[in-house]
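*Asks:* Submitted below is the structure of interest, expressed as structure tokens.
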Amino acid sequence: MDRLIYDRIRELETDHWWFVGRRKILRGLLQRLAPPAGARILEVGCGAGGNVPLLREFGDVKALEPDDESRAYAAERLGLAIDTGLLPDGLPYAPETFDLVCAFDVVEHVDDDAGSVRALARLVKPGGAILTTVPAYQWMWSHHDVLHHHKRRYLLPQYRALFEEAGLKVETATYFNSLLFPLAAVQRTVKKLLKDNSADDAMPPSWLNKALAGVFSLEAPLAVGGGLPFGLSIAVIARKV
């Protein structure tokens, strides 16, 4: 991603409604996974480290980030050595090292998504799991995706198939960010018609930010159960059997 986008995420990820709501969804999915006590957890593409405190509630966390400035910021903020590496062939870990491997909005950034899922799978111990998220629906493509250097957006069956083809058992596959989906679809359609390339992730007024976070968070029980049939994002839990 461009330096501007990395810096914007660093500024927004603590309080912006989308990050707050996504962490609520992720916490529910992690609770469903129930990693073993003392689980070894890896986050690939940790950015500025906003998800690491959540992951630390579930085990011993290592993190990887290819961007130098984000890696340095996350290391200082978290008191954690952040590794560097790239998907699919530049991950600096031995096979079957981790109980849980996480990649939150990462796979859409790489050219070889199937190879990257296989690379993540190699890192997981037998019985361990992968938890990932990606953006949904190619028809929702906008300038936001261009700015974030996305390669694609996914349909749920298409994304699920990457894990099945890697030999993993998919336990949960669901859309999320569903309640706000109609509003987002209208917004992006209007912006396309008006050729408006302004960012989609600006911080709204505090009252609106709080309201949006509350609406997004309401989805957590349904997302954890894999019961949301559409949404702006996709989450998959897949296990190595």
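*Asks:* Select from region 73-86 the residues that are open to solvent by 30 Å² or more (accessible area, probe 1.4 Å) and either touching a residue at least 40 places away in the same chain (Cβ under 8 Å) or part of a strand (DSSP E or B) (or both) and write down the one among them that is farthest from ARG56 (Cα to Cα).
*Replies:* If we take residues in region 73-86 being open to solvent by 30 Å² or more (accessible area, probe 1.4 Å) and either touching a residue at least 40 places away in the same chain (Cβ under 8 Å) or part of a strand (DSSP E or B) (or both), then LEU86 is farthest from ARG56 (Cα to Cα).
*Asks:* Of the residues that sit in region 29-70 and are assigned to a helix (DSSP H, G or I) and not aliphatic (A, V, I, L, M), which one is surrounded by the fewest Cβ atoms within 10 Å (Cβ to Cβ)?
*Replies:* Going residue by residue through region 29-70, those that are assigned to a helix (DSSP H, G or I) are 29-33, 52-56, 68-70.
After this cut, where a residue has to be not aliphatic (A, V, I, L, M) as well, the list is 31-32, 53, 56, 68-70.
Working: GLN31: 13, ARG32: 15, PRO53: 12, ARG56: 13, ASP68: 10, GLU69: 13, SER70: 22.
Out of the qualifying residues, it is ASP68.
To keep it simple, each residue is scored yes or no on (1) of a type in the set (Phe, Trp, Tyr); (2) under 15 Å from the mean Cα position of the chain (by Cα).
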| site | (1), (2) |
| --- | --- |
| TYR6 | yes, yes |
| ARG22 | no, yes |
| LEU42 | no, yes |
| GLY47 | no, yes |
| ALA81 | no, no |
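*Asks:* Within region 18-49, work out how many residues are free of Cβ contacts under 8 Å to residues at least 60 places away in the same chain and under 27 Å from ASP89 (Cβ atoms).
*Replies:* Within region 18-49, residues that are free of Cβ contacts under 8 Å to residues at least 60 places away in the same chain and under 27 Å from ASP89 (Cβ atoms) number 4.
*Asks:* Another question, then. Residues being small (Gly, Ala, Ser), open to solvent by 20 Å² or more (accessible area, probe 1.4 Å) and under 18 Å from ARG160 (Cβ atoms): count how many of those fall in region 95-131. Step through it out loud before you land on a result.
*Replies:* Of all residues in region 95-131, those small (Gly, Ala, Ser) come to 103, 114-116, 119, 121, 127-129.
Then keep just the ones that are open to solvent by 20 Å² or more (accessible area, probe 1.4 Å); that gives 114, 127.
This time we only want the ones that are under 18 Å from ARG160 (Cβ atoms), so: 114.
Final tally of qualifying residues: 1.
*Asks:* Right, next: Looking only at region 1-17, count how many residues are touching a Phe, Trp or Tyr at 6+ places or on another chain (Cβ under 7 Å) and either in contact (Cβ under 8 Å) with a residue 40 or more places away in the chain or surrounded by fewer than 18 Cβ atoms within 10 Å (Cβ to Cβ) (or both).
*Replies:* Residues flagged as touching a Phe, Trp or Tyr at 6+ places or on another chain (Cβ under 7 Å) and either in contact (Cβ under 8 Å) with a residue 40 or more places away in the chain or surrounded by fewer than 18 Cβ atoms within 10 Å (Cβ to Cβ) (or both) within region 1-17 amount to 3.
*Asks:* Tell me which helices (runs of 4 or more DSSP H) are completely within region 146-241 and hold 3 or more residues being among the small types (Gly, Ala, Ser) and in contact with a Phe, Trp or Tyr (Cβ under 6 Å, 6 or more places away or on another chain), or say none if there are none.
*Replies:* none
The values are calculated or read from the model by the stated rules, or taken from the named source; none is laboratory data. None of these values were measured; they are calculated from a predicted model. Counting neighbours? That spans all protein chains shown, and the Cβs are built from the backbone with ideal geometry, glycine included. Note: areas computed on protein heavy atoms with side chains; ligands, DNA, RNA excluded. Shrake-Rupley method; radii C 1.70, N 1.55, O 1.52, S 1.80 Å.
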